[in-house]
Amino acid sequence: GGELSARLDSCRRPAVCLARTAAEVLDMATFISVQLKKTSEVDLAKPLVKFIQQTYPSGGEEQAQYCRAAEELNKLRRAALGRPLDKHEGALETLLRYYDQICSIEPKFPFSENQICLTFTWKDAFDKGSLFGGSVKLALASLGYEKSCVLFNCAALASQIAAEQNLDNDEGLKITAKHYQFASGAFLHIKETVLSALNREPTVDISPDTVGTLSLIMLAQAQEVFFLKATRDKMKDAIIAKLANQAADYFGDAFKQCQYKDTLPKEVFPVLAAKHCIMQANAEYHQSILAKQQKKFGEEIARLQHAAELIKTVASRYDEYVNVKDFSDKISRALTAAKKDNDFIYHDRVPDLKDLDPIGKATLVKSTPVSVPISQKFTDLFENMVPVSVQQSLAAYNQRKADLVNRSIAQMREATTLANGVLASLNLPAAIEDISGDTVPQSILTKSTSVIEQGGIQTVDQLIKELPELLQRNREILDESLRLLDEEEATDNDLRAKFKERWQRTPSNELYKPLRAGKNVYKWGVYAEGRGERERISSTLLTNTEPDLGLELMTLRS
């Protein structure tokens, strides 16, 4: 640890820490953990309270409840980000609660430069600054930026907690693997969302390339933990070899991702390279034991030789990061014994490395997806607040409902006016008379007398003969009236289009709207004039004597 610290900037804490934990397979197992980002203080309460008071102007308990929640949110941010955090579960839980809370309030408050404008400032976790200048920082009025940075800190703290665990017991191994898989999933989530959340280039530490590599490193370390557990539990060598080979692949992929990119601190590269070689050597070592069990003594020697070469590379290049002396001695003893037995007893041909069957792979890890809420103790401070989008949708719904009701009422009133006009033209309901008695109603007798006095059926026939001519004349008058209205409206529209705002006259379609609305009544009246045959039948009945009228009414009643 002292030699590594001397190689780093002595004035600043390294952004990526190398934690070493005792393990059976390696004398010193080195894990990579990530430094937390630092932020400036932000007053969340003031702008949120202002918005709440504007949105709920009537005051009352609801407004007071949300204002108190805004103050609690401000305290939660200070607790999660305003002070150094210890490497324990309680500190991580506070961070997770704050992340869940800002995810929860995002749809409930209009965070933007034009409405609730909150500027969040964060420093680059991997930038150590210079002698005369501070580290790189970025300030954005974006809640998405705050979410990405907070989630980065959640992953970073999880990696630190994992590196502090005791791997000599199952509980420590379980906690370590869980935190590394969570950190991997959190970094992966940032990779997939950070560009859309910021709409600009982020700082290097949360760029997709950087967090993508960190995600793979955390996944590799989780796989390594399962390899350590399998070794500790003395599982079958075939299984241990596959676990180690998969871990070697993960470390190798992570090394390739950051080898030619200046995104992670330089002390990470040798650790990844060393881990890749060590895991490969472990895979070869345990596969050699399997070969010996299968009486493949030449293959045993070939695999042990390859393992010895890999460990020799680690010892010569990366000895300050990992101590592999005990593992190297273990391989040397096994190789010496295997060669001795083969030379004196088995005489099996030692194949070339390229001729050996590839070692299988077995993965027991995966990046834990980020699914809000992450915290097990999360309680939404604004649980009862309706999201802004829902409020807007409700307002739009109420407006559309009012428009629909008003249109329906207008249509109903228009239909009522039309019905009243038709009834009036038919002298209804005044023309309806009760005929349920035994005598002929006086009104019918009066009408009968009037018809007889005016000439009876002969006069009615004469009037009916005149109806077609009168009907045609009425139609011509109505059609001409409508044509004149259409012509006047067309002229009005042309002049309005020509003179625009200088044409101040009331539009024709509004001025003559009552006339056009009544045209159906007029048409119905014209149509009614053509019902002469029915009128003749009624008049014929009225020319009867009173006894005959009584008989006709009795027939109608029955």
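Of note:
- For the chain, the 222 nm mean residue ellipticity estimated from helices alone, with every DSSP H stretch of n ≥ 4 adding -39500 (n - 2.57) and the total spread over all residues, rounds to -21500 deg cm²/dmol.
- Amide H partners (placed H, <5 Å) of residue 141, local residues excluded: 120
- Net length available on complete extension from residue 75 to residue 398 is 112.5 nm, with 0.36 nm assigned per residue and the Cα-Cα distance removed.
- What the Cβ-Cβ distance of residue 447 and residue 473 gives, at R0 = 35 Å and to the nearest 0.05, is a FRET efficiency of 0.80.
- The stretch 161-231 and the stretch 53-88 have Cα centres spaced 30 Å apart.
- Degrees, to the nearest 10: 89-105 long Cα axis against longest axis of the chain: 20
- Using only side-chain charges placed at the Cβ, +1 for Lys and Arg and -1 for Asp and Glu, the dipole size of the chain relative to its Cα centre rounds to 2340 debye.
- Rounded to the nearest whole Hz, the Karplus-based 3J(HN,Hα) values (6.51 cos²θ - 1.76 cosθ + 1.60, θ = phi - 60°) of the stretch 165-173 follow the sequence 6, 8, 8, 8, 9, 5, 5, x, 5, with x at glycine and proline.
- Multiplying the residue separation of residue 168 and residue 64 by 0.36 nm and removing their Cα-Cα distance gives an extension gain of 32.2 nm.
- ³J(HN,Hα), Karplus 6.51/-1.76/1.60, whole Hz, each residue of the stretch 496-509, x for Gly, Pro: 5, 5, 6, 9, 6, 5, 6, 8, 9, 5, 4, x, 4, 5
- Summing charges over neighbours of residue 345, with a neighbour being any other residue whose Cβ is under 15 Å away from its Cβ, gives +2 when K and R count +1 and D and E count -1.
- Per-peptide packing, taken as the mean over residues of other Cβ atoms within 10 Å, places 396-402, 96-102 in the sequence 96-102, 396-402 from highest down.
- The stretch 439-475 and the stretch 248-288 have Cα centres separated by 113 Å.
- Relative to the longest principal axis of the Cα atoms of the chain, helix 519-528 runs at roughly 50 degrees.
- Projecting the Cα atoms of 545, 52, 112 onto the charge dipole of the chain (Cβ charges, centred on the Cα centre) puts 112 farthest toward the positive pole.
- When each of 180, 285, 56 is scored by the number of other beta-carbon atoms lying within 10 Å, the sequence from fewest to most is 56, 285, 180.
- Other residues within the sphere of radius under 11 Å centred on the Cβ of residue 305, judged by their own Cβ, net out at -2 (K and R +1, D and E -1).
- Against the chain, whose longest principal axis comes from its Cα atoms, helix 388-425 is set at around 10 degrees.
- Structure-derived semi-axes √(5λ) of the Cα gyration tensor in Å - corresponding label in (1) 42, 31, 20; (2) 96, 32, 23; (3) 35, 31, 20: (2)
No value in this document is a laboratory result; all are computed from the given coordinates. Because the structure is predicted, anything quoted here is derived from the model rather than measured. Neighbour counts run over all protein chains shown; Cβ positions are idealised from the backbone, glycine included.
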